[in-house]
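Some notes on the structure that comes next.
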Amino acid sequence: LEVFKQWAVNKWITLVELIGYTLYPDNIFEKAFMLMGGADAGKTTFNEFLHDLLGDSNFSPMSMGDLFIYHAKNRIYYLNHSLVTANSEIIEYLTKRIIDKFYAFLDGNPIKINSKFGTKINYKIYAKLVIAVNTPPKIKTEVSDDFWDKWIIIEFPNKFPKDDTWYKKTFTKEEMDG
């Protein structure tokens with residue numbers, strides 16, 4: 001927990017809640033998470049921790065571009081049974097079309113997608129979206145307060161020295177196993 005306090009200071013408990021929320025196979029609160037802070041603040045390391053904690057089968061590293069722009073309906077298939085999708089890439093400008101897809105991603109209603117072999121299936125997304133950014137995206141359309149209410153923004157205010165051994169020393173196998 002000390003690491004979470006260093007990363008997110010007074011919002012450290014929200015990181016713990018985020019982990020708990022990712023374990024539930026539904027997006028009942030219709031929320032996405034934005035980890036925001038400068039370079040070397042621990043955002044990407046937290047996403048790496050989530051990946052290691054949840055395992056490959058429950059984690060998808062898809063970016064917002066993958067989800068909402070680049071043939072999204074075909075790529076969303078790869079979220080099958082994922083509890084979280086986390087990435088450090090964000091779309092610089094959000095258009096109305098991208099925002100509409102963001103809402104559809106969060107609302108939990110089944111969508112029709114093409115499977116890898118072209119068969120259309122109904123699919124319910126329950127992966128939680130976690131993105132790590134330095135600054136929030138710019139909005140190219142009018143949005144209601146509801147758009148920002150969908151986001152839980154967690155600030156990572158500190159900067160840490162680069163240390164390639166820190167992660168392995170901090171999150172040992174024994175620590176990750178509980």
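The values are calculated or read from the model by the stated rules, or taken from the named source; none is laboratory data. No experiment lies behind these values; they were computed from the predicted model shown. Here the Cβ is made from the backbone with ideal geometry for all residues, glycine too, and neighbour counts use every protein chain on show. Note: accessible area is taken over every heavy atom of the protein model, side chains too, but ligands, DNA and RNA are not part of it. Shrake-Rupley method; radii C 1.70, N 1.55, O 1.52, S 1.80 Å.
Of note:
- Matching residues, the range 1-31, being part of a helix (DSSP H, G or I) and open to solvent by 70 Å² or more (accessible area, probe 1.4 Å): E2, K5, Q6, N10, K11, I13, E17
- When I98, I111 are checked against the criterion of being under 16 Å from E30 (Cα atoms) and over 15 Å from the mean Cα position of the chain (by Cα), I111 stands alone in meeting it.
- Hey, T135 hydroxyl-bearing (S, T, Y), within 28 Å of F46 (Cα to Cα) and open to solvent by 40 Å² or more (accessible area, probe 1.4 Å) or not: yes
- Residues of the range 130-177 satisfying the condition of being within 26 Å of L54 (Cα to Cα), part of a loop (DSSP other than H, G, I, E, B) and either of a type in the set (S, T, N, Q) or free of Cβ contacts under 8 Å to residues at least 24 places away in the same chain (or both): N134, N158, D163, D164, T165, T172
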